[in-house]
1. Filter the range 224-270 for residues that are touching a His at 6+ places or on another chain (Cβ under 9 Å) and more than 20 Å from residue 95 (Cα to Cα); which is surrounded by the fewest Cβ atoms within 10 Å (Cβ to Cβ)?
2. Residue 215 is checked against (1) outside the structural domain of residue 83 (by TED's automatic domain parsing); (2) over 26 Å from residue 334 (Cβ atoms); (3) among the aromatic types (Phe, Trp, Tyr) and fails just one. What number does that condition carry?
3. Which of the residues that make up the range 308-333 are assigned to a loop (DSSP other than H, G, I, E, B), over 14 Å from residue 264 (Cα atoms), out of contact with any Gly (no Cβ under 7 Å at 6 or more places or on another chain) and not β-branched (Val, Ile, Thr)?
4. Report the residue count in the range 339-351 for those that are part of a loop (DSSP other than H, G, I, E, B) and surrounded by 20 or more Cβ atoms within 10 Å (Cβ to Cβ).
5. Pairs only if they're at least six apart or on different chains, beta carbon under 9 angstrom, first in the range 381-399 and touching a residue at least 60 places away in the same chain (Cβ under 8 Å), second in a loop (DSSP other than H, G, I, E, B) and basic (Lys, Arg); list them, first residue then second.
6. Restricting attention to strands (runs of 3 or more DSSP E) lying wholly within the range 380-448, give those where 2 or more residues are in contact with a helix residue (DSSP H, G or I) (Cβ under 9 Å, 6 or more places away or on another chain) and of a type outside the set (Gly, Ala, Ser).
7. Within the range 461-481, track down each residue that is more than 36 Å from the chain's Cα centre (by Cα), part of a strand (DSSP E or B) and surrounded by fewer than 20 Cβ atoms within 10 Å (Cβ to Cβ).
Amino acid sequence: MQNGVMMQYFEWYLKEEPCLWNVLKHDAKHLKDIGITAIWMPPAFKGSGGIYDVGYGVYDIYDLGEFDQKGTIRTKYGTKDEYLSTIEELHRYGIQVYGDIVLNHKMGADGVETIKAYEVKQNNKNEINSDEETIEVPTLFTFDNRHQKYSDFTWDWTCFDGVDYDVLSKRHATFLFKDKHWDQQVDNENGNFDYLMGADIDFSSEKVVQELKKWGCWYLDFSQIDGMRLDAVKHIGAHFYKDWLKDMRLHSQKELFTVGEYWHGDVQHLLNYLNQVNWQMSLFDVPLHYHFYEASHGNGYYDMSKIFDGTLVQATCNHVVTFVDNHDTQPSQGLQSWVSDWFKPLAYALILLRKDGYPCIFYGDYYGIPHSSITSHQDMIDKMLYLRKKHALGTQRDYFDDSSVIGWTREGENQDGLACIMSDSVGGCKLMYIGKQYTGLVFCDVMGNERDVMIDGNGQGVFSCRGGSVSIYVRKDETYR
């Protein structure tokens, strides 16, 4: 869809009440009205932390808030029925739904098993750090309270490669099970970055792969989601998702837009992974996020002309989701790299008002994060969503020719173009071409910072911005209301 926008509808510190599914359901019309075309919902299945689990400590992927497990029937976000009802409501307003898929690991086992294993080095998981030893591992998942509904598959140690805890000695370390090997086609950090947390799923096991294919088909049919966000793909052998996505699309007969989270600041790692999965998904533009973070903390010395250099959106505009922040980068999280408030309008202009990439709005930016005393940017984002829908159209011309002041124009499709100019340092101006069809017309700054601009006979105007801000110009009679 033209100028589609995804929204990540959660942040890490959401309260358990009110239930998010009900909040989202009642918000559906508003989201449609502001221009959101797809919602990324948090993991819907039961986590090991029960009602307090954000969803990434995955326990039972068949329990969407239906069974009394981990001390609760509902998940942090609500019950199965509330989840399905919310999806129906979003669909009623023409909003697509993307499910968050977490298949890398399992946590909160129902029992332990005694096995042989080796400890491996933390900075090189390929290097054995001990003799063979006997350990007790939390790897038995029987889901007794589900009573084999939907699946009778039992997960035991043979379904995993390793764990990070020996129950017998109460020792925390990374253990590789005897006669097992870390999955290949994963990120090469720490030698091999297959292991992340919990009981690490063995994607070389045929019975595991078949069970995950069965679950994927069940989940697509059961939930009626339209696409997926795949968690921690750099820790899962690329061969798995290459085949799994093909099977899911064949089963559902849907496009199933899919974006993977491959957290790496080097774009070559992202491009290598996309090639390994045969370009069957998009990836989040992590390098661009880090550029935003660096620029926002650069005290005006960041080279804005290079803001897109080495980013995924520059390398492949059709397989990328651009974003400013998310649940992992927010304050107090493991990947904390929060983009400063003053730079948020510049960053959102850079992902929402340009032609390349599929932008993702973060719940924490839109509604605020009370836990961290972060206030809402709702008015600014609403304004830019309106501009994206109505004015960020047509030919794009870039003016990235200064280390501080950069800009671009969109020519529009029916005299509805725009000009955007921003600076991370001192203010300035640029002569930019927007189209001869605008000759003699007056453009005004929607952000309310700068004076009006008259377009000359050559289709050009001198557009300006203040220091550390962004100005966005549209025809004066088309001003955002």
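The values are calculated or read from the model by the stated rules, or taken from the named source; none is laboratory data. Note that the structure is a prediction, hence the values are computed from the model and not measured. Every residue, glycine as well, gets a Cβ built from its backbone with ideal geometry; the counts of neighbours run over all protein chains shown.
1. 265
2. (1)
3. If the condition is that a residue be assigned to a loop (DSSP other than H, G, I, E, B), over 14 Å from residue 264 (Cα atoms), out of contact with any Gly (no Cβ under 7 Å at 6 or more places or on another chain) and not β-branched (Val, Ile, Thr), then 308, 309, 318, 319, 326, 327, 331, 332, 333 are the ones that fit.
4. Residues that pass the stated criteria total 1.
5. Partner pairs satisfying both residue conditions: 386/481; 392/354; 392/355; 393/355.
6. So the answer is 405-410, 418-423, 442-445.
7. Within the range 461-481, just 462 meets the criteria.
Residue by residue, here is whether (1) in a loop (DSSP other than H, G, I, E, B); (2) more than 21 Å from residue 8 (Cβ to Cβ); (3) free of Cβ contacts under 8 Å to residues at least 40 places away in the same chain holds:
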| residue | (1), (2), (3) |
| --- | --- |
| 30 | no, no, yes |
| 33 | no, no, yes |
| 39 | no, no, no |
| 42 | yes, no, no |
| 54 | yes, no, no |
| 59 | no, yes, no |
| 84 | no, no, no |
| 89 | no, no, no |
